[in-house]
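The block underneath contains the structure these notes are about, expressed in structure tokens.
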Amino acid sequence: MIFKELLFPRRCPVCDRPAPFGKDICPACQGAFVKIRGPVCFKCGKQLQDQTKEYCNDCQKTHHLFERGLALYEYNSVSRAMYGYKFSGRAEFGQYFGRQMAIHFAGYLKKWQIQAIVPVPLHKKKLKVRGYNQAYLLAKSLSDYTGIPIYDKLIIRQRNTKPMKELDPKSRQINLKNAFIMGRYDVKLQRVVIVDDIYTTGATIDAMSKVLKDAGADRIYFLTLSIGRGL
Ligand SMILES: [Zn+2]
Ligand SMILES: [Zn+2]
């Protein structure tokens, strides 16, 4: 590994400049990622502007099926890194971000007594086009770090849904209706954490929570790499 690095210096997967020896990402890019700081919404983990509130405006209006969730970075600060990387292996990238999530959230996974890490699945057609599932890469790294098993075939996306960013919250829910089914029924899990790269309205996490709860799961949590700003 070290010899390989001496011969072929690692490049920063975000900006393509040479990364310092032994580092995955260059310090300039790493410094630009903004972590979510408290106080956060007790449900979705969005940073709150009003410190006296317990929940963000969205969560006050919506009944979520999950217990709660947390995100690591402000979406705007990592969006370019998440989607704009063209230069480096995405596995390396998933490892870096997944490890950051693990370092920050390992304590919560323990507290929540999580038995299974479940990445948000991609439809098989989309997976074929993209070649990888970003949520899976994060979940895999989180699993490697914590030792909690990953179940990436537990839930299957059976419908290729429309891109969510074009839709309002109500249409998102309709779009996701029957999108997920259980892929395996032979495992009984009570406490599950769903992993994704971004949290927006929570419609995806809710749709998956519904399927898991119908199959007998008790408490569903989520962890995402990024989240937008709350009110
Ligand atoms: Zn960089
Ligand atoms: Zn919230």
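Derivation of every value follows stated rules applied to the coordinates shown; laboratory data play no part. Just so we're clear, the structure is a prediction, and the values are computed from it rather than from any experiment. With ideal geometry, Cβ positions are generated from the backbone for all residues, glycine too; neighbour counts draw on all protein chains shown.
Considering only residues that are crowded, with 21+ Cβ neighbours inside 10 Å and of a type in the set (Ser, Thr, Tyr), look in the range 162-218 and name the one that is nearest to residue 118 (Cα to Cα).
Looking at residues that are crowded, with 21+ Cβ neighbours inside 10 Å and of a type in the set (Ser, Thr, Tyr), I get 209.
Given the range 23-117, what helices (runs of 4 or more DSSP H) lie entirely inside it while holding 1 or more residues that are crowded, with 20+ Cβ neighbours inside 10 Å and in contact with a helix residue (DSSP H, G or I) (Cβ under 7 Å, 6 or more places away or on another chain)?
Answer list for the range 23-117: 75-83, 90-111.
So for the range 52-72 (the condition being among the polar types (S, T, N, Q), free of Cβ contacts under 8 Å to residues at least 60 places away in the same chain and closer than 20 Å to residue 228 by Cβ), does at least one residue qualify?
yes
Can you pull out every residue in the range 187-215 that is part of a helix (DSSP H, G or I) and touching a Leu at 6+ places or on another chain (Cβ under 6 Å)?
203, 206, 207, 209, 210 - these are the residues of the range 187-215 that are part of a helix (DSSP H, G or I) and touching a Leu at 6+ places or on another chain (Cβ under 6 Å).
Restricting the first residue to the range 15-35 and requiring it to be over 25 Å from residue 71 (Cβ atoms), which pairs with a second residue that is away from ligand 2 (no atom under 16 Å from the Cβ) and of a type in the set (Asp, Glu) meet a Cβ separation below 7 Å and a spacing of at least six or different chains?
Cβ pairs passing all conditions: 21/5.
Those residues that are of a type outside the set (A, V, I, L, M, F, W, C), under 17 Å from residue 198 (Cβ atoms) and more than 8 Å from ligand 2 (Cβ to nearest atom), I need them from the range 26-61; list them, please.
35, 47 - these are the residues of the range 26-61 that are of a type outside the set (A, V, I, L, M, F, W, C), under 17 Å from residue 198 (Cβ atoms) and more than 8 Å from ligand 2 (Cβ to nearest atom).
Considering every residue within the range 128-150, establish whether at least one is more than 16 Å from ligand 1 (Cβ to nearest atom), among the basic types (Lys, Arg), surrounded by fewer than 18 Cβ atoms within 10 Å (Cβ to Cβ) and without any contact (Cβ under 8 Å) to a residue 60 or more places away in the chain.
yes
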